[in-house]
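Enquirer: My structure is below; once you've seen it, I'll send some questions.
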Amino acid sequence: MTKTEKKTEQLLIKQLTNACEELKLHNDAFEYLTHHGQLNKLKQTLKVEVFCTTAFTGQQLKQALSVINHEIKTLQLALKPHDLIMTVISD
């Protein structure tokens, strides 16, 4: 991993952590998120997986996508709806 990729990864993690905290404030079903992708091809490969206790409505998914995109825009990244994966977990 290059220094640039390490810096990019650190910034991405910070921004997704901010998005996570924002989503916790607005959606009781939201638990946490994680990401997958190749650092050298983030624009093409970044996927964010959202874990929640109940399935999100279409509006909640749009809101989650908007919050995440707002945070990652400084990296010149933007997720499309198919880049957001929802996983329902049970207690």
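Enquirer: Any chance you could give the angle, 0 to 90 degrees and rounded to 10, that helix 3-26 forms with the longest Cα principal axis of the chain?
Expert: Between the helix axis and the principal axis of the chain, the angle is about 20 degrees.
Enquirer: Here is a further query. Using θ = phi - 60° and the Karplus relation 6.51 cos²θ - 1.76 cosθ + 1.60, list the HN-Hα couplings for the range 39-53 in order, rounded to whole Hz, with x at every Gly or Pro.
Expert: 4, 7, 9, 4, 4, 8, 10, 5, 10, 10, 9, 9, 9, 8, 7
Enquirer: Here's something else I'd like to know. Assuming 1.002 mPa s and 20 °C, estimate D for the chain with Stokes-Einstein, Rh taken as the Kirkwood radius over Cα pairs, in µm²/s.
Expert: Rounded, D is 160 µm²/s.
Enquirer: Assigning unit charges at the beta carbon (Lys, Arg +1; Asp, Glu -1) and nothing else, what dipole magnitude in debye, to the nearest 20, does the chain show about its Cα centre?
Expert: I would put it at about 560 debye.
Enquirer: In nm, give the distance between the simple-model label positions of Gln76 and His26, each being 7 Å from the Cα along the Cα-to-Cβ direction.
Expert: 2.6
Enquirer: Roll a 1.4 Å probe over the protein chains and send me the accessible area per residue for the chain in Å².
Expert: The answer is 65 Å² per residue.
Enquirer: Can you figure out the FRET efficiency of Ile89 with Gln10, using R₀ = 22 Å and their beta-carbon distance, to the nearest 0.05?
Expert: Working from the Cβ atoms, E equals 0.25.
Enquirer: What are the semi-axes of the equivalent ellipsoid for the range 42-91, taken as the square roots of 5 times the Cα gyration tensor eigenvalues, largest first, in whole Å?
Expert: 21, 12, 9
Enquirer: Still on this structure, I have one more. Multiply the residue separation of Asn18 and Thr57 by 0.36 nm, subtract the distance between their alpha-carbon atoms, and state the gained length in nm to one decimal.
Expert: Taking Asn18 through Thr57 to full extension adds about 11.9 nm, to one decimal.
Enquirer: Check cross-link reach from Lys6 to the aspartates and glutamates: straight Cα distance under 20 Å, and skip same-chain residues fewer than eight apart.
Expert: The qualifying aspartates and glutamates are Glu71.
Enquirer: Return the subset of Lys3/Lys24; Lys7/Lys43; Lys3/Lys80; Lys3/Lys62; Lys7/Lys80 for which the Cα-Cα distance in this structure is over 26 Å, preserving the input order.
Expert: Violating the 26 Å limit, Cα to Cα: Lys3/Lys24; Lys3/Lys80; Lys3/Lys62.
Enquirer: Express the carbon and sulfur contribution to the solvent-accessible surface of the chain as a percent, rounded to the nearest whole number, probe 1.4 angstrom.
Expert: Of the solvent-accessible surface of the chain, carbon and sulfur hold 51 percent.
The values are calculated or read from the model by the stated rules, or taken from the named source; none is laboratory data. Everything numeric in this text was worked out from a predicted model, so none of it was measured. Glycine also receives a Cβ, built like all others from the backbone with ideal geometry; neighbour counts cover every protein chain displayed. Surface areas here come from the heavy atoms of the whole protein model, side chains and all, with no ligands, DNA or RNA. Shrake-Rupley method; radii C 1.70, N 1.55, O 1.52, S 1.80 Å.
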